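Visitor: After the structure tokens below, expect a handful of questions from me.
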Amino acid sequence: MKKVMENSAAPSGRLLGAKTISKFVLAIAAISSLAQTSCTDREVAAGMAGAAVGAIIVGSAHSHHAPAPRCGTTRREICSSHRDYWGVYHRTCRWEVYDSCHGGYRRYLLSGVAKAADLNANEIASRYSMSFESAELLVSALAKSESGDPAGLSALGLERNDVERLAKFELPESNGIDRMARALNQAPEATKAMLEQLVAIAQAQDAARREADRAAQMN
């Protein structure tokens, strides 16, 4: 089956500045600690959601052009070309009201504050090769997990061992990826590509955080 999504290089933490990703690096630090400490399911869910939201925003913000100098509200069409879990090709489009004055994901890089509710499910569907309904499920699951509800991770097909692997910047095993693909009704190849990109971004930001910590200790 033809690969439905290409991975883009993870942006360096130095492009963002120390302040812009404060919440993201804290979430990465929390989720990374799963490999060494015993965390409650609520902590696992919240840490995983925070890391995923941050990675989606970092990746999406750097994949879009900066907003036009003159801003305003307009209608725009967003389309998603994707294959479902069974390999059937779909292309669907939606119209949405878009406020270019809002600043998109780039403003979250400037503030360092973002929540799952800030994610645009339509953009996620287009970027990560999934249906709009699946993207809405992903955002809803992340929002639930963000509040500390482990049911959010379960809705994505993720089990404790999958999260522990992700905490160590490793992909879930093939059966874990398949469960997530089935939950999202997304081609397994696309699910794997999405996770690869998010893990790469998280790994890059964690490396930047560690580098900043070492620099601070030397000063």
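The values are calculated or read from the model by the stated rules, or taken from the named source; none is laboratory data. Small disclaimer: the values here were computed from a predicted structure and weren't measured. Cβ coordinates were reconstructed from backbone atoms using ideal geometry, including for glycine residues, and neighbour counts include every protein chain displayed.
Visitor: So how many residues does the stretch 113-122 have that are buried (at least 18 other Cβ atoms within 10 Å of the Cβ) and over 12 Å from the mean Cα position of the chain (by Cα)?
Guide: Result for the stretch 113-122: 1.
Visitor: Can you say whether ARG91 is of a type outside the set (A, V, I, L, M), more than 17 Å from MET48 (Cα to Cα), out of contact with any Lys or Arg (no Cβ under 7 Å at 6 or more places or on another chain) and modelled with pLDDT of 90 or more, as far as the supplied structure shows?
Guide: Here the answer is yes, as ARG91 does meet what is asked.
Visitor: ALA167 - would you say it is touching a Leu at 6+ places or on another chain (Cβ under 7 Å) and small (Gly, Ala, Ser)?
Guide: Considered against the rule, which asks whether it is touching a Leu at 6+ places or on another chain (Cβ under 7 Å) and small (Gly, Ala, Ser), ALA167 comes out as yes.
Visitor: Something else now. Among the listed residues ALA183, ALA187, ALA135, ALA202, identify the single one that is under 15 Å from the mean Cα position of the chain (by Cα), at pLDDT 95 or above and not hydroxyl-bearing (Ser, Thr, Tyr).
Guide: So the residue among ALA183, ALA187, ALA135, ALA202 that is under 15 Å from the mean Cα position of the chain (by Cα), at pLDDT 95 or above and not hydroxyl-bearing (Ser, Thr, Tyr) is ALA135.
Visitor: Follow-up question, since we're still on this one. Which residue pairs have Cβ atoms closer than 7 Å, lie 6 or more positions apart in sequence or on different chains, and pair a first residue in the stretch 185-206 that is closer than 12 Å to ALA52 by Cβ with a second residue that is modelled with pLDDT of 90 or more?
Guide: Matching pairs, first to second residue: MET194/TYR128; LEU195/LEU171; LEU195/ILE177; VAL199/LEU171.
Visitor: Quickly run through the stretch 139-180 and pick out the residues that are within 15 Å of GLU43 (Cβ to Cβ), within 15 Å of the chain's Cα centre (by Cα) and among the polar types (S, T, N, Q).
Guide: Once the filter is applied, which keeps residues that are within 15 Å of GLU43 (Cβ to Cβ), within 15 Å of the chain's Cα centre (by Cα) and among the polar types (S, T, N, Q), the stretch 139-180 yields only SER145.
Visitor: Right, next: Just to be sure I understand, how many residues within the stretch 38-86 are part of a loop (DSSP other than H, G, I, E, B) and at pLDDT below 80?
Guide: Of the residues in that region, 13 qualify.
Visitor: Of all residues in the stretch 166-179, how many are surrounded by fewer than 17 Cβ atoms within 10 Å (Cβ to Cβ) and in a helix (DSSP H, G or I)?
Guide: 3
Visitor: Please go through the stretch 140-158 and pick out each residue that is surrounded by 20 or more Cβ atoms within 10 Å (Cβ to Cβ), of a type outside the set (D, E, K, R) and outside any loop (DSSP other than H, G, I, E, B).
Guide: ALA141, LEU142, SER145, GLY152, LEU153
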